[in-house]
């Protein structure tokens, strides 16, 4: 499902993130302006140290930009305090990480409903069952993480991210710990969440094949935007990545470190 003119799920305007001071200053993001439309799947790519994870963290309210603004739907999150950000992340943002981050003593169902319980909400049994069926775990809701494969554990993490109907799901290398076949199953599930339910997904990845499941690939180099690619294929993404070195060579920022 593509954006149909509704407000963007996330919008970054001239976002700059600097670590350290003076001689030890490191510029992680250098004036990034971009948006992620509702009902879209965007992959973020770039060489190691290009600012991918910093961009995701700022967009998700996990880190505050040094300057610039970040909006989630119609709310500016870059000026919120930690209490407000915690509530926002709980209610409007879903996360999927490479390490799954499941609690081993809880069942699949308990892991999935944990965000709702932490928010003081009573999970709707039918909705939980629907989400678990959607990720292919309807028959395994009583199992614990140790009884599941890596791919099944990642599906639990995706179900947990979906359960609160977030405005956007941020995925940081969600297939990095999975074998190729399982990774493609997980990526297809994320893709289906966009196409069938209008979910917005922003995914950091280093894998051109993973990026090819997205609607758009956003490239970063040296903390700056280095172009984008729509309707990507693994081949077109890989080719574009080979040219990012030339983009970096063309940048000039004397006296500043980069990551």
Worksheet item: Of all residues in the stretch 11-24, how many are in contact with a strand residue (DSSP E or B) (Cβ under 6 Å, 6 or more places away or on another chain) and either closer than 14 Å to residue 63 by Cβ or surrounded by fewer than 15 Cβ atoms within 10 Å (Cβ to Cβ) (or both)?
Response: 8
Item to complete: Go through 133, 179, 192 for me and flag whichever is within 11 Å of residue 41 (Cα to Cα), surrounded by fewer than 16 Cβ atoms within 10 Å (Cβ to Cβ) and out of contact with any strand residue (DSSP E or B) (no Cβ under 9 Å at 6 or more places or on another chain).
Response: 192
Discussion item. Given the options 165, 172, name the one that is free of Cβ contacts under 8 Å to residues at least 12 places away in the same chain and either surrounded by fewer than 17 Cβ atoms within 10 Å (Cβ to Cβ) or under 29 Å from residue 63 (Cα atoms) (or both).
Written reply: 165
Worksheet item: If you take just the helices (runs of 4 or more DSSP H) that sit entirely in the stretch 40-152, which of them hold at least 2 residues that are without any contact (Cβ under 8 Å) to a residue 40 or more places away in the chain?
Response: 82-92, 108-118, 125-134
Discussion item. Just the residues that are modelled with pLDDT of 90 or more, assigned to a helix (DSSP H, G or I) and surrounded by 14 or more Cβ atoms within 10 Å (Cβ to Cβ), please, taken from the stretch 205-259.
Written reply: 208, 209, 210, 211, 234, 236, 237, 238, 240, 241
Discussion item. Any residue at all in the stretch 175-194 that's without any contact (Cβ under 8 Å) to a residue 24 or more places away in the chain and under 26 Å from residue 73 (Cα atoms)?
Written reply: yes
Worksheet item: How many of the residues in the stretch 25-52 are farther than 25 Å from residue 192 by Cβ and surrounded by fewer than 18 Cβ atoms within 10 Å (Cβ to Cβ)?
Response: 7
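The values are calculated or read from the model by the stated rules, or taken from the named source; none is laboratory data. All figures in this text were calculated on a predicted structure; none of them were measured in a lab. When we count neighbours, we look across all protein chains shown, and the Cβ atoms used for this are built from the backbone with ideal geometry, even at glycine.
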